[in-house]
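A short write-up of the structure that comes next.
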Amino acid sequence: MATLPILVAPDPRLKLKAKPVEQVDETIRSLLDDMLETMYAAPGIGLAAPQVGVSQRMLVLDLAREGEPRTPMKVINPEIVWASDEDAEHNEGCLSVPEHYADVVRPAEVKVRYLDETGARQEVHASGLLSTCLQHEMDHLDGILFLDHISALRRNMILRKLTKARRSTD
Ligand code: GNR
Ligand code: NI
């Protein structure tokens with residue numbers, strides 16, 4: 001296992017639409033394990049493959065709190081098959097937008113169909129933080145960041161700060 005470097009906005013690779021995983025094989029399983037290790041080390045509650053420079057439709061999640069047993073979830077080729085009419089607002093952060101947070105409105109509940117790490121079809125009905133996090137990670141697969149859900153004014157303010165912070169470390 002290995003931890004992978006996490007891309008930070010405004011990196012153009014975060015804007016790409018990821019390609020479906022064609023075959024759930026050892027290479028994919030190994031990548032998912034590296035993504036989980038990277039997510040736990042960060043630490044974060046979710047990580048999508050494009051954040052580590054892999055343009056494929058897969059993500060990992062674990063909502064367990066520190067000190068609780070781990071509950072890793074590996075999600076391949078996810079699709080939202082149902083979303084509630086009701087919305088919910090949640091304060092979101094992103095490992096690719098370090099140290100910035102914003103309230104984002106999304107459907108409160110979603111039903112997501114996906115493949116697990118054995119290639120078996122799964123479906124989950126998500127609400128609360130799981131719903132928020134699944135939608136946040138699935139956005140990454142389409143090149144969308146939580147910044148794209150807030151006002152252009154706030155988005156550009158955060159992007160300018162990230163660009164400045166990057167320059168000062170170069
Ligand atoms: O660690 C993360 N926390 C978080 C909090 C609220 C809403 C979404 C998230 S996902 C984020 C990790 C990340 O950037 N995943 O793409
Ligand atoms: Ni994110």
In debye to the nearest 20, how big a dipole does the stretch 99-150 give about its Cα centre with +1 on each Lys and Arg Cβ and -1 on each Asp and Glu Cβ? 240 debye
Please give me, ordered by residue number, the chymotrypsin sites (Phe, Trp or Tyr not before Pro) of the stretch 97-170 that lie in loop per DSSP and have at most 16 other Cβ atoms within 10 Å. Y101
In the chain, which longest range has no GluC sites (Glu not before Pro) that are both DSSP loop (not H, G, I, E or B) and surrounded by at most 13 other Cβ atoms within 10 Å? 100-170
Given the C-alpha centroids of the stretch 72-138 and the stretch 8-53, what is the distance between them in whole angstrom? 15 Å
Going residue by residue through the stretch 159-166, the Karplus relation 6.51 cos²θ - 1.76 cosθ + 1.60 with θ = phi - 60° gives ³J(HN,Hα) values, rounded to whole Hz and with x marking Gly or Pro, of 4, 4, 5, 5, 5, 4, 4, 4
Just to confirm the filter: which trypsin sites (Lys or Arg not before Pro) across the stretch 1-69 are DSSP coil and have at most 15 other Cβ within 10 angstrom of their Cβ? K17, R65
Normalised per residue, the volume of the convex hull around the Cα set of the chain (Å³): 120 Å³
Given a Förster distance of 35 Å, report the FRET efficiency between A152 and M1 from their Cβ-Cβ distance, rounded to the nearest 0.05. 0.30
For the stretch 22-35, just list the computed ³J(HN,Hα) in residue order, Karplus coefficients 6.51, -1.76 and 1.60, θ = phi - 60°, integers in Hz, with x standing in for Gly and Pro. 7, 9, 7, 10, 4, 4, 5, 4, 5, 4, 4, 5, 5, 5
Roughly how many nanometres apart are two label points built 7 Å out from the Cα toward the Cβ at N91 and K17? 3.5 nm
Using just the helices of the chain, give the 222 nm mean residue ellipticity in deg cm²/dmol: DSSP H runs with n ≥ 4 each add -39,500 (n - 2.57), and the total is spread over all residues, rounded to 500. -9500 deg cm²/dmol
For the cross-link pairs K19/K74; K74/K161; K74/K111; K15/K164; K15/K111, which exceed 27 Å when the distance is taken from alpha carbon to alpha carbon? K74/K161
Nothing charged except the Cβ atoms of Lys and Arg (+1) and of Asp and Glu (-1): what's the magnitude of the dipole of the chain about its Cα centre? Round to the nearest 20 debye. 760 debye
Given a Förster distance of 22 Å, report the FRET efficiency between D33 and V81 from their Cβ-Cβ distance, rounded to the nearest 0.05. 0.20
Per Stokes-Einstein, at 37 °C and 0.692 mPa s, what whole-number D in µm² s⁻¹ belongs to the stretch 32-87, with the Kirkwood radius over Cα pairs as the hydrodynamic radius? 265 µm²/s
Can you pull the one-decimal nm distance between simple spin-label points at V124 and E68, each 7 Å off the Cα toward Cβ? 1.3 nm
Placing one equal point scatterer on each C-alpha of the stretch 86-142 and summing with Debye, one gets log10 I(q)/I(0) at q = 0.21, 0.24, 0.28, 0.29 Å⁻¹ equal to -0.85, -1.01, -1.17, -1.21
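Any read-out appearing in this document is the output of simple, stated calculations on the displayed coordinates, not a laboratory observation. Just so we're clear, the structure is a prediction, and the values are computed from it rather than from any experiment. No Cβ is skipped: glycine too gets one built from the backbone with ideal geometry, and neighbour counts run over all protein chains shown.
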